[in-house]
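One structure is given below, encoded as structure tokens.
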Amino acid sequence: MARPRLDDPDLPLADLMTRWPQTIPVFVRHKMLCVGCLISPFHTVTDACAEYHLDEEDFLAELRQAAERTRG
């Protein structure tokens with residue numbers, strides 16, 4: 001099985017936050033309720049950005065930056 005990719009359009013938010021927990025503050029900073037949400041295993045970044053009226057490319061860039069920041 002392939003390693004998950006942060007920019008995979010089919011990656012559920014729950015999987016994203018489990019694999020890259022350092023991205024959680026990005027969701028919190030945008031006042032998104034995705035962290036711990038019962039829908040996060042089913043929603044993707046695309047879904048969340050649509051729900052919260054965020055630019056998906058900008059949000060993904062923030063997630064990438066957070067994921068890279070703590071990479072060892």
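Hey, of (i) 1.11; (ii) 1.05; (iii) 1.00, which did the structure itself give for Cα Rg over 2.2 N^0.38 Å when calculated?
Recomputing Cα Rg over 2.2 N^0.38 Å here picks out (iii).
Using the Karplus curve 6.51 cos²θ - 1.76 cosθ + 1.60 with θ = phi - 60°, work out ³J(HN,Hα) for each residue of the stretch 18-28 in order, rounded to whole Hz, and write x for Gly and Pro.
For the stretch 18-28, the Karplus-derived couplings read 6, 6, 10, x, 5, 7, 4, x, 5, 4, 5 Hz, x marking Gly and Pro.
Roughly how many percent of the accessible protein surface of the chain is carbon and sulfur, given a 1.4 Å probe and a whole-percent answer?
The C+S portion of the solvent-accessible surface of the chain is 56 percent.
Residue by residue, what Karplus-based ³J(HN,Hα) values in Hz, rounded to whole numbers, does the stretch 12-17 have, using 6.51, -1.76 and 1.60 with θ = phi - 60° and x for Gly and Pro?
In residue order, the calculated couplings are x, 4, 4, 5, 4, 6 Hz.
Rounded to the nearest whole Å², what accessible area per residue is found for the chain with the 1.4 Å probe? Show your work: numbers first, answer last.
Values: 4920 Å² over 72 residues.
For the chain, the per-residue accessible area is 68 Å².
With an 8 Å cut-off on Cα pairs and a minimum separation of 6 or more residues, tell me the relative contact order of the chain in percent.
36 percent
The values are calculated or read from the model by the stated rules, or taken from the named source; none is laboratory data. Here the structure is a predicted model, which means the values were calculated and not measured. Just the protein is used for accessible areas: all its heavy atoms, side chains included, with ligands, DNA and RNA removed. Shrake-Rupley method; radii C 1.70, N 1.55, O 1.52, S 1.80 Å.
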